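Working notes, beginning with the structure itself.
The values are calculated or read from the model by the stated rules, or taken from the named source; none is laboratory data. In this text the structure is predicted, and so the values were computed from the model without any measurement. Note that each Cβ is placed from the backbone with ideal geometry, even for glycine, and that neighbours are counted across all protein chains shown. What goes into the accessible areas is simple: the full protein's heavy atoms, side chains included, and nothing from ligands, DNA or RNA. Shrake-Rupley method; radii C 1.70, N 1.55, O 1.52, S 1.80 Å.
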Amino acid sequence: MTATPYPVRTMLRTYGRQVTTARRLARYRRLQRSEEPDEAAASALRREAKRRDLVHRVAMEIVDNCLVTGTESPVVDEIKAELEDELGFSLAFAYPPAEQEMQVFRLGGQNPVQITGEEKAALMQRLWELALEKVDDTML
């Protein structure tokens, strides 16, 4: 039996296309498998970033508003009590009418004493840390 060149060439061309397509599919599958863990990790990172953002917003609300207004929240009460235990004295938080910044007063004796400067900065930093920890622990 003799083979003519045209059908042989057509068969080899078809085989070559199939081999090229198989290589492309194998490369595509390999890339898909390598991207799946990365996609899952990226999704977990996005979820963690959203949670962290929400924790920061809630903690900011507690520090900026809830402490001043005396909200009946157990989380706010726990944060304030823990801060007062660490410092060893009672605190009062207020926004005076003419001021833009929260003021912190040390209670004790006849007149409250305003806390300013480095002491206030350290106190506010610790308050922020306590609020973040407490909100992060209590948030689902």
Any idea which of (1) surrounded by 10 or more Cβ atoms within 10 Å (Cβ to Cβ); (2) at positive phi is the one Gly109 doesn't satisfy? (1)
Residue under question is Arg51, and the condition is that it be basic (Lys, Arg) and open to solvent by 80 Å² or more (accessible area, probe 1.4 Å); does it hold? no
Has the range 91-103 got at least one residue that is open to solvent by 50 Å² or more (accessible area, probe 1.4 Å) and touching a helix residue (DSSP H, G or I) at 6+ places or on another chain (Cβ under 6 Å)? yes
Only one of (1) open to solvent by 80 Å² or more (accessible area, probe 1.4 Å); (2) farther than 20 Å from Asp136 by Cα; (3) touching a residue at least 12 places away in the same chain (Cβ under 8 Å) does not apply to Glu78, and that is (2)
